[in-house]
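Heads up, the thing below is written out as structure tokens.
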Amino acid sequence: MLRRASFKALIAAASVALTACVGQNDGSANTLDDFPFTSMLANYTDNIIIPAADDFSEQSALFATNSALDDYCEAIGNPDEDTHLSSAQSEWRSLMNTWQINELMILGPLAENESVIRNRILSYGSIFQHNACAVDQGVIAATEDGFSINSRRDSALGLDAIEYLLFNDDLNHSCPDTTQSTQNWNSLDDSTRKQQRCDYALLLADDLETQAQKLSDEWQSFRSAYLNPANTPESLSALSDALFYIEELVKDTKIGVPTSIINGGCEDAACPEDVESPYSETSLQNVRINLTTLSRLLEGGDGLGFDDVIATTDFANSGIIESLKTDINAAVSFIDGMDTSLHTAADAQLESGDETGCTNSAANPDVGSVPMCSLYGLLKRITDRLRIDFIAAVDLDLPVRSQSDND
């Protein structure tokens with residue numbers, strides 16, 4: 001389950017007047033009595049966070065109505081079926097790209113109630129993450145009278161489920177033979193199975209639009225409380241906490257678990273089944289977007305950001321943000337140079353069983369022989385700098401989960 005961690009007090013002596021103490025590296029900390037923290041938070045909120053939520057809301061609305069997905073459902077069984085399917089897949093990729101930007105901003109409404117909205121939009125990394133059998137059961141249940149999408153768990157909803165329905169060309173169900181609801185599914189003809197899958201995808205797209213609009217609306221309502229000067233310590237804490245998605249979900253879950261560097265329950269040399277986007281094979285693109293979004297968040301885009309806070313402290317000349325950006329760019333360039341998807345690479349690693357090669361590549365990513373494990377090492381450079389240098393410079397506490405991360 002995604003964690004909404006609580007920090008200790010963000011600023012040593014925070015007050016309504018925004019008196020703050022940061023950068024205590026030599027016992028004589030600079031004070032930021034005049035630093036415009038409210039303006040900084042407003043920049044993040046109004047120019048990055050809310051626009052990202054609004055972009056996803058607008059795009060999900062288009063995906064749900066008068067879209068390539070509708071056209072594909074209508075074209076099933078016709079000569080142009082494959083063309084329309086390809087267009088629907090392309091629209092899904094674009095929508096997923098937009099959502100991956102929002103993944104670095106899990107705070108406020110997106111973190112409320114154990115990230116209920118986030119997990120319904122994308123369940124990867126949550127307690128009820130994507131389950132192919134659950135999607136198959138949803139497809140069948142949706143053909144029955146009185147069906148409600150609210151009867152389905154997150155494992156059968158959201159972007160992950162739509163990916164399965166659009167990109168998995170195996171029309172047989174993914175459930176155990178003992179699952180009652182899917183007993184007759186494999187005997188249906190191909191066109192019927194495609195049509196029922198597509199009809200369920202349309203229901204999921206409608207629900208996606210609903211959740212996206214809810215997120216956009218709730219941010220508009222939440223904005224005043226988030227920017228209230230009395231809440232500045234908590235608001236800054238939540239913003240900094242969100243950056244650690246890059247450690248907890250990207251390094252550890254998206255890369256660490258499939259490579260088996262992080263134990264996610266799979267005991268093999270690699271775990272392809274734990275890749276984030278296995279059917280579309282866009283996992284590395286997701287990570288790339290997460291990285292470029294992190295880079296933007298560190299500097300607040302074109303406005304006030306964490307880099308400006310650091311510039312007002314004893315760490316002003318430390319080059320922390322520049323070093324982070326260098327490490328981020330190195331990881332992005334490395335991804336751009338990878339010629340196989342993460343799912344394919346994990347399959348190959350599983351077949352080879354070369355755990356030593358993976359371990360060595362993670363420890364020495366510049367000369368590693370297993371690219372996906374080298375990527376883990378490059379991500380670790382970023383997260384180590386984030387959790388040590390960055391945290392020290394802005395005088396924040398680590399998220400609860402990261403405090404016990406000693407890898």
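Apart from one condition, D395 fits all of (1) at pLDDT 90 or above; (2) open to solvent by 10 Å² or more (accessible area, probe 1.4 Å); (3) over 19 Å from P258 (Cβ atoms); the exception is (1).
Could you give every pair whose Cβ atoms fall below 6 Å, whose first residue belongs to the stretch 330-344 and is open to solvent by 60 Å² or more (accessible area, probe 1.4 Å), and whose second residue is at pLDDT 95 or above, counting only separations of at least 6 or pairs across chains? Close Cβ pairs (under 6 Å, with a partner that is at pLDDT 95 or above) do not exist here. Cβ-Cβ distances below 9 Å connect no pair with a first residue in the stretch 297-313 that is without any contact (Cβ under 8 Å) to a residue 40 or more places away in the chain, a second residue that is among the small types (G, A, S) and in a helix (DSSP H, G or I), and a separation of six or more residues or different chains.
Taken over the stretch 251-288, the criterion of being in contact with an Asp or Glu (Cβ under 7 Å, 6 or more places away or on another chain), over 19 Å from E351 (Cβ atoms), of a type outside the set (S, T, N, Q) and crowded, with 22+ Cβ neighbours inside 10 Å is satisfied by K254 alone. Given the structure, is S181 open to solvent by 20 Å² or more (accessible area, probe 1.4 Å), over 30 Å from L398 (Cα atoms), touching a Gly at 6+ places or on another chain (Cβ under 8 Å) and not in a loop (DSSP other than H, G, I, E, B)? Considered against the rule, which asks whether it is open to solvent by 20 Å² or more (accessible area, probe 1.4 Å), over 30 Å from L398 (Cα atoms), touching a Gly at 6+ places or on another chain (Cβ under 8 Å) and not in a loop (DSSP other than H, G, I, E, B), S181 comes out as no.
Of the helices (runs of 4 or more DSSP H) lying entirely inside the stretch 4-82, those containing at least 2 residues that are at pLDDT 80 or above and under 30 Å from Q196 (Cβ atoms) are 50-64, 68-75. The set of residues from the stretch 310-344 being farther than 21 Å from T292 by Cβ and of a type in the set (A, V, I, L, M) comprises A311, A316.
Mind counting the residues in the stretch 148-161 that are in contact (Cβ under 8 Å) with a residue 24 or more places away in the chain and either open to solvent by 50 Å² or more (accessible area, probe 1.4 Å) or part of a loop (DSSP other than H, G, I, E, B) (or both)?
To start, the set of residues in the stretch 148-161 that are in contact (Cβ under 8 Å) with a residue 24 or more places away in the chain comprises 149, 153-161.
Add one more test, that the residue is either open to solvent by 50 Å² or more (accessible area, probe 1.4 Å) or part of a loop (DSSP other than H, G, I, E, B) (or both), and what stays is 153, 157.
Residues in the stretch 148-161 being in contact (Cβ under 8 Å) with a residue 24 or more places away in the chain and either open to solvent by 50 Å² or more (accessible area, probe 1.4 Å) or part of a loop (DSSP other than H, G, I, E, B) (or both): 2 in total.
Selection of the stretch 301-324 for residues being loosely packed, with under 14 Cβ neighbours inside 10 Å and among the charged types (D, E, K, R) yields D302, E322.
Can you find a residue in the stretch 116-128 that is more than 20 Å from E91 (Cβ to Cβ), over 17 Å from the mean Cα position of the chain (by Cα) and basic (K, R)? Scanning the stretch 116-128 turns up no residue that is more than 20 Å from E91 (Cβ to Cβ), over 17 Å from the mean Cα position of the chain (by Cα) and basic (K, R).
The values are calculated or read from the model by the stated rules, or taken from the named source; none is laboratory data. Since we're looking at a predicted model, the values are computed, not measured. Ideal geometry is used to build each Cβ from the backbone, glycine not excepted, and the neighbour counts take in all protein chains shown. Side chains included, ligands, DNA and RNA excluded: accessible areas come from the protein's heavy atoms. Shrake-Rupley method; radii C 1.70, N 1.55, O 1.52, S 1.80 Å.
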